[in-house]
């Protein structure tokens, strides 16, 4: 997001200098179209074209052909990743072939060692499928995938977690995670003495879009993030309770849920402004599209322990 925002700002400032005034949203959309034609014919990188397309989408999200534009963005993403990071596509394809959601472990550079330990124990437990570890990179311009670690161009602190998740879901949706994803925190433990049954696990995720340990109580701890953020004294969480949502340490999203999250985020990236709890905003967005969280704690399906503390208040 850092690089994307920087390039987008430069493009809009260039347009402002050309016009000598504040541009309208429609003018930004038209400018993005001109840039896309120019850069596309001049052989610019797929990443630059993606930045331009994202600016087009969010500057005019109610266009009749917006779904077509988002589809083109996803096609461009797949083409670039296939060229630059083919092993990432191989990971998704293995899960698709086996009819299983892809496991992603969300971590950061500080706790990468913990994520690697979780991945090492989870692989033999989860049908020999190696999880993808996702971290942020404040200094990187684009995605990077090496040794099963996917680094995204977003802040790597707690405040950046909602952007890390939505960037990850947008990317995995574009790449074709057909069975969906299982989002896993980097502090879970695996019960390796209890083997999983392949058909039981496939069936558990087959007919549901959004599932986990549901937080359905509006009186949650609004200072939960204190001590976790880069800021020593962050603001108290100030957004309303919208709908029940799956607790962050472990939840499942189907392909349909991923698509709704990615589409919403590409059209309205401002939905994350001021957000601090990634699990809650996932539930809020899905609820907007009529997708309800189903209470079925994944630790019982996958035989893993989240050991997640209670976030409720009395």
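All of the numbers you see were taken from the coordinates with simple rules; none came from a lab. Note that the coordinates shown come from a computational prediction; the quantities given were computed from them, not determined experimentally. Methodologically, a virtual Cβ is constructed for each residue, glycine included, from the backbone with ideal geometry; neighbour enumeration extends over all protein chains shown.
One table, with the values for the structure above:
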{"read-out": "Radius ratio Rg over Rh of the range 63-149, counting only Cα atoms, Kirkwood formula for Rh", "value": "1.04"}
{"read-out": "Crossing angle, helix 255-267 versus the chain [Cα axis fit, 0-90 degrees, rounded to tens]", "value": "30 degrees"}
{"read-out": "Of 300, 126, 111, the one that fluctuates the most in a GNM where the chain has Cα springs shorter than 10 Å", "value": "300"}
{"read-out": "Over the range 213-314: Kirkwood hydrodynamic radius from C-alpha pairwise inverse distances, Å", "value": "14.8 Å"}
{"read-out": "Footprinting exposure proxy for 2, 135 (fewest neighbouring C-beta atoms within 10 Å first)", "value": "2, 135"}
{"read-out": "Gaussian network model of the chain, springs between alpha carbon atoms under 10 Å - residue of 192, 65, 213 with greatest fluctuation", "value": "65"}
{"read-out": "Inter-label distance for residue 193 and residue 229, nm, one decimal - labels placed 7 Å from Cα along Cα-to-Cβ", "value": "4.2 nm"}
{"read-out": "Neighbour-count ranking [beta-carbon atoms within 10 angstrom, fewest first] of 263, 194", "value": "194, 263"}
{"read-out": "Convex hull per residue volume in Å³, alpha carbons only, for the range 2-60", "value": "71 Å³"}
{"read-out": "Spacing of the two label points (7 Å from each Cα toward its C-beta) at residue 241 and residue 111, in nm", "value": "2.5 nm"}
{"read-out": "Net lengthening on full extension, residue 294/residue 75 (0.36 nm per residue, minus Cα-Cα)", "value": "75.7 nm"}
{"read-out": "Most fluctuating residue given options 187, 128, 75, as computed from a GNM of the chain linking Cα atoms under 10 Å", "value": "128"}
{"read-out": "The range 213-268 and the range 111-190: distance between their alpha carbon centers, rounded to Å", "value": "17 Å"}
{"read-out": "Cα long-axis angle, helix 46-59 against the chain (0 to 90 degrees, to the nearest 10)", "value": "80 degrees"}
{"read-out": "Residue-averaged [θ]222 nm for the chain, counting only DSSP H segments that reach four residues, each worth -39500 (n - 2.57)", "value": "-15000 deg cm²/dmol"}
{"read-out": "Least to most buried among 133, 28 (fewest other Cβ within 10 Å first)", "value": "28, 133"}
{"read-out": "Nearest-ten-degree value, helix 2-19 long axis tilted from longest Cα axis of the chain", "value": "20 degrees"}
